[in-house]
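Asker: Once you've had a glance at the structure underneath, I'll fire off some questions.
Just so it is clear, none of the values below were taken in a lab; they were calculated from the coordinates. Please read all numbers here as calculations on a predicted model, not as lab measurements. Here the Cβ positions follow ideal geometry from the backbone for every residue, glycine too, while neighbour counts run over all protein chains shown.
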Amino acid sequence: MGRQLAVIIPHFGLYGGNLRYVELGNALTHHGLETRGETMITLLVNGRRHSVDADPTMPLLWVLRDLLRLKGTKYGCGAGLCGSCTVHVDGEPVRSCATPVGSVAGRAVTTIEGLANGDELHPVQAAWVETNTPQCGYCHPGQIMSAVALLETTPSPTDEEIDAAMSGNLCRCGTYLRIREAIHRAAERGGAS
């Protein structure tokens, strides 16, 4: 019998044991793990196709972090209220802690790891570094994903538009003014792409 895995997911119950991960393209698998009635779900994450064997109601956050090992997206509240877990699905920002993985099957998911182009940071990421925006940094992957989505729809946002768009992302360290400054800097450089 394979190793047993268990992930406790607040507000969603217990997802017990035997999760299997298969990555198409290079046949990387976690061998010896059995499944317990889950479903193979195909995802396109950061431009790469992945198949995961998971309960379709499992939050996307846990698939990204625990099955695909993409640790940039953070767990904050587990209820979609703080924004730490923000990713893009088909270009739209969503809270991955409250998004069932089954609802994004076959759709394009972009995480913080998928923004940079090789060693070249996305303009929003570069602005974050230049303005020394993070203090502890925990919430900033979600902040950056929301900022990128804002600049996609509003290339030159006002302070009020930034505040409205970012209001669903909480920063416990209170770096809101630096976040706004970084978004303005990214916008000056055409920060949506």
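Asker: Taking only the alpha-carbon atoms of segment 123-188, what semi-axes of the equivalent ellipsoid follow from 5 times the gyration tensor eigenvalues under a square root, in whole Å, largest first? Present the calculation step by step, with values, prior to reporting the outcome.
Answerer: Working: eigenvalues 53, 33, 20 Å².
They are 16, 13, 10 Å, listed from largest to smallest.
Asker: With an 8 Å cut-off on Cα pairs and a minimum separation of 6 or more residues, tell me the relative contact order of segment 123-188 in percent.
Answerer: Worked out over segment 123-188, it gives 53 percent.
Asker: Pulled fully out, how much extra length does the chain show between SER156 and ARG69, if you take 0.36 nm times their separation in residues and subtract their Cα-Cα distance?
Answerer: Values: separation 87, 0.36 × 87 = 31.32 nm, distance 3.46 nm.
Result: 27.9 nm gained on full extension.
Asker: In nm, what is the difference between 0.36 nm times the number of residues separating THR39 and ASN117 and their Cα-Cα distance?
Answerer: Details: separation 78, 0.36 × 78 = 28.08 nm, distance 3.21 nm.
Length gained between THR39 and ASN117: 24.9 nm.
Asker: By average Cβ neighbour count within 10 Å, what is the ranking of 158-165, 130-137, 177-184 from highest down?
Answerer: 177-184, 130-137, 158-165
Asker: Then there's this: Between ARG48 and ASP90, what length comes free when the chain is fully extended (0.36 nm per residue of separation minus the Cα-Cα distance, one decimal in nm)?
Answerer: The span from ARG48 to ASP90 would gain 13.7 nm if fully extended.
Asker: Order these peptides, 42-53, 85-96, by their mean beta-carbon neighbour count within 10 angstrom, highest first.
Answerer: Output ranking for 42-53, 85-96: 85-96, 42-53.
Asker: For SER167 paired with VAL129, estimate the spin-label separation in nm (one decimal), with each label point 7 Å from Cα along the Cα-to-Cβ line.
Answerer: Between SER167 and VAL129, the label points sit 3.3 nm apart.
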